[in-house]
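There's a structure below that I have some questions on.
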Amino acid sequence: MSARRLAAVLGLVAVVAAGCAETPTPLPTPATPSATSSASPSGGGTPSPTETPVCEDAVQSYAPRGELPEPLAMPDGSTMAEIEDRGRLVAGVSADTYLFASRNPFTGRIEGFDIDVVNAIAAAIFGTARGHVQLRVITAADRIPLLEDNEVDVVVRTMTITCERWTQIAFSSEYYQAGQKLLVREGSDVTSLDQLSGVRVCAPSGTSSLRTLEAEAPDAVAVPAANHTGCLVKFQQGEVDAITGDDTVLAGLAAQDPYAVVVGDAFTSEPYGVGIARDQVDLVRFVNGVLERMRTDGSWTDSYDRWLADTLGPAPEPPVARYGRTP
């Protein structure tokens, strides 16, 4: 058994023993940015929270404005300057999405592809992520409310960019392309959506995966859980017959269960983006600048190779950013 697989198994045991729940870290509520906070060189204007952004292309985001500012020199009045003054980036993340964001049972640290993205954002503000990142473990259902309430600066939690969500929050450009599939027991006859009649299928509450299941397979028995680890526990205890979710997430679950397999073709396109409050357009532009740098300097591919290549194969080209959205 490899060290990574052993870590995954031990991590799952720890989650089960804890009742499949993480207690979010209580945080003080950061100050809401002022109306001028996005008028910096990296901002370019802030839409009114009551306005609904036009969404003809969900993955279209706000273009970066020039070069990224030097670390510890964020533009005066910007959202990034507020984060710099606070001394830490507060990020909403998962702690049980193996390969993307899960707690290492040997070190206690949360690690994975999503955490590398968080660290890159923090390093762009502070020069280093060390000592300047506060990870808040949240559920999928927490993601939008915490951004709306300004309790976190960013959400990096395998979050699919959708037009519906653009009416509530803003997104960075796409940083990973996934697709929804099914995980079943090895030897199962189920390989597609049209075979789910009467089949108990788990998906986390508040996710696009659950909504797609209910819409595309109405005869399935949808079983919600707090997160994918909760689904895996139900699966292993015989309470559900299948789990649905993004293939990247399911690959992590399959790596933790020798009797689970990911089957069939992807039946959705799931572009992941960094979630940010709607009125913090300057932070969206800044994060997009960070993601551009990750695409071009090789750090995106390095992160993929570290976390995902063993399960999902060689690294593809990073997703191409699409810009053009205006406040």
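The values are calculated or read from the model by the stated rules, or taken from the named source; none is laboratory data. Small disclaimer: the values here were computed from a predicted structure and weren't measured. Backbone-built Cβ (ideal geometry, glycine too); neighbour counts: all protein chains shown. Note: accessible area is taken over every heavy atom of the protein model, side chains too, but ligands, DNA and RNA are not part of it. Shrake-Rupley method; radii C 1.70, N 1.55, O 1.52, S 1.80 Å.
Pick from 309, 321, 315: which is of a type outside the set (S, T, N, Q), farther than 20 Å from residue 180 by Cβ, in contact with a Ser or Thr (Cβ under 6 Å, 6 or more places away or on another chain) and free of Cβ contacts under 8 Å to residues at least 24 places away in the same chain? First the steps, then the outcome.
Working: 309 fails: in contact with a Ser or Thr (Cβ under 6 Å, 6 or more places away or on another chain); 321 fails: free of Cβ contacts under 8 Å to residues at least 24 places away in the same chain.
Within the list 309, 321, 315, the selection yields 315.
Here is a follow-up. Going by the structure shown, is residue 120 open to solvent by 10 Å² or more (accessible area, probe 1.4 Å), in contact with a helix residue (DSSP H, G or I) (Cβ under 6 Å, 6 or more places away or on another chain) and either assigned to a loop (DSSP other than H, G, I, E, B) or modelled with pLDDT of 95 or more (or both)?
Yes: the conditions hold for residue 120.
Only one of (1) farther than 23 Å from residue 70 by Cα; (2) touching a strand residue (DSSP E or B) at 6+ places or on another chain (Cβ under 8 Å); (3) polar (S, T, N, Q) fails for residue 162. Which number is that?
Only one criterion in (1) farther than 23 Å from residue 70 by Cα; (2) touching a strand residue (DSSP E or B) at 6+ places or on another chain (Cβ under 8 Å); (3) polar (S, T, N, Q) is unmet by residue 162, namely (2).
Residue 225 fails exactly one of the following numbered conditions: (1) modelled with pLDDT of 95 or more; (2) open to solvent by 30 Å² or more (accessible area, probe 1.4 Å). What is the number of that condition?
All conditions are met except number (2).
Test each condition in (1) modelled with pLDDT under 95; (2) on the phi < 0 side of the Ramachandran plot for residue 313 and report the one that comes out false.
That leaves (2) as the condition not met.
What pairs can you find where one residue is in region 203-224 and in contact (Cβ under 8 Å) with a residue 40 or more places away in the chain, the other is surrounded by fewer than 19 Cβ atoms within 10 Å (Cβ to Cβ) and basic (Lys, Arg), and their Cβ atoms are less than 9 Å apart, with a gap of 6+ or different chains?
Partner pairs satisfying both residue conditions: 203/211.
Give just the number: which of (1) farther than 15 Å from residue 275 by Cβ; (2) open to solvent by 20 Å² or more (accessible area, probe 1.4 Å) does residue 125 not satisfy?
Condition (2) is where residue 125 drops out.
Separate question: Return the residue satisfying two criteria in turn: it lies in region 271-292 and is among the acidic types (Asp, Glu) and touching a Pro at 6+ places or on another chain (Cβ under 7 Å), and of such residues it is most open to solvent (accessible area, probe 1.4 Å).
292
Here is a check on your reading of the model: is residue 259 of a type outside the set (D, E, K, R) and within 24 Å of residue 198 (Cβ to Cβ)? If you could, list the steps in order and put the result at the bottom.
Values: of a type outside the set (D, E, K, R): yes; within 24 Å of residue 198 (Cβ to Cβ): yes.
So residue 259 passes the test.
While we're on this one: Just checking, does region 241-259 include any residue being surrounded by fewer than 24 Cβ atoms within 10 Å (Cβ to Cβ), closer than 25 Å to residue 150 by Cα and either over 17 Å from the mean Cα position of the chain (by Cα) or of a type outside the set (Asp, Glu) (or both)?
No, that holds for no residue.
Among the residues of region 130-137, is any in a helix (DSSP H, G or I) and in contact with a strand residue (DSSP E or B) (Cβ under 9 Å, 6 or more places away or on another chain)?
No, region 130-137 contains no residue that is in a helix (DSSP H, G or I) and in contact with a strand residue (DSSP E or B) (Cβ under 9 Å, 6 or more places away or on another chain).
Let me ask another. Just checking, which of 223, 201, 190 is part of a loop (DSSP other than H, G, I, E, B) and not hydroxyl-bearing (Ser, Thr, Tyr)?
Going through 223, 201, 190 in turn, just one is part of a loop (DSSP other than H, G, I, E, B) and not hydroxyl-bearing (Ser, Thr, Tyr): 190.
Do any residues in region 125-139 that are closer than 13 Å to residue 93 by Cβ have Cβ atoms under 8 Å from those of residues that are assigned to a loop (DSSP other than H, G, I, E, B) and charged (D, E, K, R), where the two are at least six apart or on different chains, and which pairs are they?
Pairs that qualify, where the first residue is closer than 13 Å to residue 93 by Cβ and the partner is assigned to a loop (DSSP other than H, G, I, E, B) and charged (D, E, K, R), are 133/88; 134/88; 136/151; 137/22; 138/157.
Give me a count of the residues in region 209-220 that are among the small types (Gly, Ala, Ser), open to solvent by less than 40 Å² (accessible area, probe 1.4 Å) and assigned to a helix (DSSP H, G or I). Give the steps one after another, and end with the answer.
First, pick out the residues of region 209-220 that are among the small types (Gly, Ala, Ser): 209, 215, 217, 220.
From the residues that got through so far, the ones that are open to solvent by less than 40 Å² (accessible area, probe 1.4 Å) too are 209, 217, 220.
Within this subset, residues satisfying the condition of being assigned to a helix (DSSP H, G or I) are 209.
Residues meeting the conditions: 1.
Which one of these is modelled with pLDDT of 95 or more and open to solvent by 20 Å² or more (accessible area, probe 1.4 Å): 177, 168?
Answer to the check: 168.
Taking region 83-114 as the region of interest, how many residues are open to solvent by 20 Å² or more (accessible area, probe 1.4 Å), assigned to a loop (DSSP other than H, G, I, E, B) and more than 17 Å from residue 147 (Cα to Cα)?
Number satisfying all stated conditions: 8.
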